[in-house]
1. Would you point out which residue out of A:Ile464, A:Ile478, A:Ile489, A:Ile455 is under 29 Å from the mean Cα position of the chain (by Cα) and either modelled with pLDDT of 90 or more or surrounded by fewer than 16 Cβ atoms within 10 Å (Cβ to Cβ) (or both)?
2. Looking at A:Val271, A:Val321, A:Val251, A:Val334, which one is surrounded by fewer than 17 Cβ atoms within 10 Å (Cβ to Cβ) and within 9 Å of chain B (Cβ to nearest Cβ)?
3. Which of the following residues is closer than 30 Å to A:Gly105 by Cα, open to solvent by 40 Å² or more (accessible area, probe 1.4 Å) and either within 14 Å of chain B (Cβ to nearest Cβ) or not hydrophobic (A, V, I, L, M, F, W, C) (or both): A:Asp21, A:Asp78, A:Asp40?
4. For region A:165-182, does any single residue satisfy the condition of being of a type in the set (D, E, K, R) and closer than 26 Å to B:Thr192 by Cβ?
5. Run down B:Lys250, B:Lys218 and say which single residue is within 11 Å of another protein chain (Cβ to nearest Cβ), in contact (Cβ under 8 Å) with a residue 40 or more places away in the chain and of a type in the set (D, E, K, R).
6. Looking at A:Phe54 and the list (1) in contact with a Lys or Arg (Cβ under 8 Å, 6 or more places away or on another chain); (2) in a helix (DSSP H, G or I), which single condition is not satisfied?
7. Can you pull out the strands (runs of 3 or more DSSP E) entirely within region B:265-314 that have at least 1 residues that are open to solvent by less than 20 Å² (accessible area, probe 1.4 Å)?
8. Looking only at region A:169-208, which residues are open to solvent by 40 Å² or more (accessible area, probe 1.4 Å), at the interface with chain B (Cβ under 8 Å from one of its Cβ atoms) and in a helix (DSSP H, G or I)?
Amino acid sequence: MSTEQLSGIERTGAGAATYVDERVGSNSWLSRNLNKVFPDHWSFMLGEIALYSFIVVLLSGVYLTLFFKPSMVEVIYDGPYVPLKGVKMSEAYDSALAISFEVRGGLLMRQIHHWSALFFTVAIAVHMFRVFFTGAFRKPRELNWVVGVTLAATALLAGFSGYSLPDDLLSGTGLRIAEGIVLSVPIVGTWASFLLFGGEFPSTDFISRLYGIHILLIPGIILALVTVHLMMVWTQKHTQFPGPARTNNNVVGYPLMPVYMAKAGGFFFLVFGLITMIAGIVQINPIWIFGPYTPDQVSAGTQPDWYIGWLDGALRLMPPVEWSIFGYTLSLNVLVPAAIIPGLVFTAAAIYPWLEAWATGDKREHHLLERPRNAPTRTALGVMAITFYTVLWIAGGNDIIAVGFDLSINFMIWLLRISLIALPAIAFWLTRRICLSLQRRDREKLLHGRETGRILRLPHGEFIEVHAPLNDTERAVIEAKPDSKPIPIPPETDSSGVRNPKYRSGRVRARLSRFFYGDTIEKPTADQIGHADEHLSDDVEFEKPLLEREAAATVVHDGSVLHKPSLGEDGHPSEAPDSGDGR
Amino acid sequence: MSEDGMDNTTGQEIATSGGTTTELQPGQHPPADVAHHLRRTDSDPRAQARAVRQVAAMFMLSAVMVVLFIVAFVAIPRDAVVSLPYIGPIGALNAAMGITFGLAIFLIGAGAVHWAKKLMTDVEVVEERHPMKSPAEDTALVADIYEVGKEESAFAKYPIIRRTLIGAMALVPIPFVVSLRDLWLQPADVTTPSAELKTTLWRPGTRLVTDITYQPIKAEEVPVGGLVNAVPADLVEVEEEEGNLNARAKAAVIVVRMTPEEIQSQQAPDGENWDYEGLLCFSKICTHVGCPISLYQQRTHLLLCPCHQSMFDLADSANVVFGPAYRRMPQLPITVDDEGYLVAVSDFAEPVGPSFWEVNKS
């Protein structure tokens, strides 16, 4: 397109692009990237939701900093909220109340901030599930998976630090628990707590310290990690689900300019707009109801935000264990649920890609996503982890459940303690069986076609179900199943009787590999599929006249009466089922 | 060379959605070999015109919402309440601003997505991938550059430089860490954090006062089965002076009364009683992670922490009967003064609040 065809505004844009290009050479980069292809799938939008809600968090957060005063100096409330008039409170709480009641749009922004933080954490969790269950973390994306796990952990810190700032009774109670956890750290616990809080709990330094962490340090870290996360996605190109024309060596989808730009850009506005509307009509964290923080009060039935619930639940389920080591105290009842369990969960998640790659001996690049059923052990491990998490999360609200269902707290705790051990194991076993059954069904489909649910009676009286050939998409999806075989145990000695130094690790690996792939349902060979296709087309040929006959014999409604069109001598209908003028 | 391989595709003849063949524009990716169905907007000019109108209407409505937002901001009083179906009464200003602002944003997105789905191409295209691994010659070149650099810097030649640099780099963050020491401005009379955690405001003779009205408590004012939240009488004064809530976080107590026969055991050493006529006083701060507790079941004498559901039997030395807490709730020895008001006999014998490393070290 020559320059003359451009409108005035386009000429300005082109001029600006040239200006920038002459200084940084941006057009070369754009020429390679402006038409980058992105595959389409609803589940790829989960990460987008996380990204967009983070942007909303940043925007609304900047607004809140204009009004919030992160100070623990004591003031007497004299605002419009009558129930708290004359009550002593920190300036932080006082300014949070002012944002809620006096600043027009302040409550809306506070609620946008809180809701988008919840959207952010939920979207991260679900996005992680998608990446895990489809095997998107496999080579070459292991590093990006670790960045993602770190982002998830940082998002928890971001949420908790923000939730603790308004200095209401609920947030202060959360901080008190956090202090109790810091105190449980062996050797340095008391010192760490005094340094963090500037002395004993609660002192008067913590809110302003936490403020800096919440608005600068943590968002800075998240922003840096998000940048790395996206750059890696960009360089490695997005994974895609199997389907027609999709291979491990291509990307099938829409180009960035214009389709993906419009869809993804538009989706940002959809997410932002939805959060804003929710913030307008659905109340979240009504801090004025809780009152100002004081260390000698608490309300029953207090609940943290959802993403902290599992840690609170872990604290509740842990039996009372405290060890004495040379007179010193190790509070395992706090340390295990609050530090060791989350540490293990995040570490296990972070190193999982390497564990699986080692166990399966898989060193190939993967750009085609795997269907969860085709990796039964991985899927089962994922469901096991989610079950473990869910039990802890339910435990975080066990008092509410106990009241709601009229159960004793003791019963609830014991039920959940047992569930925490038993349910993940059951979930693992069950998921694996379901995956293998689905694999078997896929094999059936390849060999016998799709069941149509249509029953035919043959002339000699036999009933058969009509099977239809798979369509292209179904076939491509099922045939994309990789042929994964367990690694054999290496020989203990070589031909000259020398001991194989890698025998032991090889044996462990072979066992793990069998654990992963041992029960895989074999995909039919190309030969078998060929035979099956022939067989199926014979069947179709055979069934065709019968189906036609049946269609003709079907009762049709011609407008006023139900009747069967008459059949001709040869079994075919003598006339097409007519349209109502045959009366 | 183009990373996306578009050089190869330029000028190829391909089939487009319309079924006609056109030349690929430079930079355009070839369509994927998948079934493609025409949309109504592809074949029906009226449907196309309708889609254009819909997109433009959404953008226009967004602008209208911005105007309505400003109207709401100016016109609706801060304390107006509106009742919405299924949601109930909510602040009118907040709801109006949220809905108008939200819709203004949402409609831009809806318009853009509708535009993309109805009017932009829906032909899926293919882009080739390339292995992430760099070509072998690049890797070899990096190794060469490294070798040259190593040679030229003589980094490998003089181990003393290397080692001293590593040592210096390892030590250089230390000043930063050390300078964090005064995050806690340690008062001259405080030796260690743990010593500070082990003392509270309670002294022999300190009166117990109710925690909201700060009235001293007469023994006979507390009925059997009753519970009173209390703090030391000098707490308010100390809080004024220190300007924080630290003393309260340790000194808060509860007083319960049971008949003397109900009391099975106390934390007092043998031969002593720390109650006063069935009035028992315990720390209010949970020994698990420090939540204040005052959920008390009079019939069973159980104290239940609302945060993590530890249960303590107040009739039996406040021992843990269930839940995650390990240590019992410390008991405060009490008696009455000359005027009949409850007073502390001494400070707690055991540290209050959550356990810590030095909690049982004297």
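1. Working: A:Ile464 fails: under 29 Å from the mean Cα position of the chain (by Cα); A:Ile489 fails: under 29 Å from the mean Cα position of the chain (by Cα); A:Ile455 fails: under 29 Å from the mean Cα position of the chain (by Cα).
Within the list A:Ile464, A:Ile478, A:Ile489, A:Ile455, the selection yields A:Ile478.
2. Numbers: A:Val271 fails: surrounded by fewer than 17 Cβ atoms within 10 Å (Cβ to Cβ); A:Val251 fails: surrounded by fewer than 17 Cβ atoms within 10 Å (Cβ to Cβ); A:Val334 fails: surrounded by fewer than 17 Cβ atoms within 10 Å (Cβ to Cβ).
The match here is A:Val321.
3. A:Asp78
4. Yes, the conditions are met somewhere in region A:165-182.
5. Exactly one of B:Lys250, B:Lys218 is within 11 Å of another protein chain (Cβ to nearest Cβ), in contact (Cβ under 8 Å) with a residue 40 or more places away in the chain and of a type in the set (D, E, K, R), namely B:Lys250.
6. Exception for A:Phe54: condition (1).
7. Per the criteria, B:279-283, B:302-304, B:311-313.
8. Scanning region A:169-208 gives A:Ile181, A:Trp191, A:Leu195, A:Leu196.
The values are calculated or read from the model by the stated rules, or taken from the named source; none is laboratory data. Quantities reported herein were computed from a predicted structural model and do not represent experimental measurements. In this analysis, Cβ positions are derived from the backbone assuming ideal geometry, glycine residues included, and neighbour counts consider all displayed protein chains. Note: accessible area is taken over every heavy atom of the protein model, side chains too, but ligands, DNA and RNA are not part of it. Shrake-Rupley method; radii C 1.70, N 1.55, O 1.52, S 1.80 Å.
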